[in-house]
Amino acid sequence: MKIFIIVLDDPVYLSRIYQKVLQERHKDIIGITPVSAILPNQSIWKFIKQHIECFGFVIFCLFVARAILFLILDKIPRIFHIKKAYSIKSLAKKYKIQIYPTTSINDQKYIEALKKLNIDIIVSSQPQIMKKDILNIPKIGCINTHSGLLPKYRGLMPMFWALLNN
């Protein structure tokens with residue numbers, strides 16, 4: 001089976017979740033696209049404002065500090081040739097999975113590149129809305145994963161809210 005993954009480029013949570021997936025199924029995964037949490041056409045300031053309004057300044061700063069820590073930890077293994085990975089990109093490299101970068105999953109050049117891969121399933125865990133062009137690429141279909149119980153933990157940072165509420 002040819003699986004393609006489109007996932008949020010999150011150094012804190014998702015890389016640890018996908019570590020197990022890639023470890024067990026890396027031979028079936030033909031490509032991966034790490035997607036930014038900042039949506040196409042969204043400014044960095046709007047992104048920051050939205051997160052501060054949602055979580056408060058202190059929690060937002062803690063998220064930023066934790067993300068920076070994991071980004072630094074991701075660089076250390078490469079310097080010392082340790083095989084631990086702290087990012088989606090590092091995991092993809094570790095398991096020799098091709099990375100297909102894009103800022104928008106609905107970009108025509110990106111879609112054309114994916115069409116050439118003969119994909120069976122696209123697994124998505126990221127914030128962008130998939131339009132018809134990308135949904136029609138895989139033979140079997142698309143699976144959208146969500147890290148929180150729906151509908152209770154829909155929206156921004158579901159793992160945070162689930163952990164906060166025990």
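Of all DSSP beta bridges in the chain, what percent run antiparallel (nearest 5)? Display every interim value, and only then the final one.
On the way: 0 of 16 bridges.
DSSP beta bridges in the chain are roughly 0 percent antiparallel.
Of K27/K115; K20/K94; K96/K116; K93/K131; K20/K84, which ones are farther than 22 Å apart at the Cα?
Correct reply: K93/K131.
Just to confirm, what accessible area per residue do you get for the chain at 1.4 Å probe, in whole Å²? Walk me through the intermediate numbers first.
Numbers: 10470 Å² over 166 residues.
Per residue, the chain has an accessible area of 63 Å².
As a check on your grasp of the helix formula, calculate [θ] at 222 nm for the chain: sum -39500 (n - 2.57) over DSSP H runs of n ≥ 4, divide by the residue count, round to the nearest 500.
The helix contribution divided over the chain gives -13500 deg cm²/dmol.
Hey, if we sort S124, S43 by accessible area with the 1.4 Å probe, largest down, what's the order? All intermediate terms of the calculation are to be shown ahead of the outcome.
Details: S124 0, S43 55 Å².
The residues order as S43, S124, largest area first.
Quote the charge dipole size of region 62-145 about the Cα centre in Debye, to the nearest 20; the model charges only the Cβ of Lys and Arg (+1) and of Asp and Glu (-1).
On the way: 15 positive and 5 negative charges, 76 e Å.
For this selection, approximately 360 debye.
Could you give me the radius of gyration and the Dmax of the chain, taking only the C-alpha atoms into account and expressing both in angstrom?
Spelled out, the Cα radius of gyration and Dmax of the chain are 16.4, 46 Å.
List the residue ranges in the chain for DSSP H helices whose C-alpha atoms run 20 angstrom or more along the long axis and whose Kyte-Doolittle average is 0.5 or above. Working shown, then result.
Values: long enough: 57-80 (35 Å, 2.01).
Within the chain the helices that satisfy the rule are 57-80.
The values are calculated or read from the model by the stated rules, or taken from the named source; none is laboratory data. From a predicted model like this one, the values you see are computed outputs, not experimental measurements. Glycine gets a Cβ as well: all are built from the backbone with ideal geometry, and neighbour counts include every protein chain shown. When the accessible area is computed, the model is the full protein with side chains, heavy atoms only, and any ligands, DNA or RNA have been set aside. Shrake-Rupley method; radii C 1.70, N 1.55, O 1.52, S 1.80 Å.
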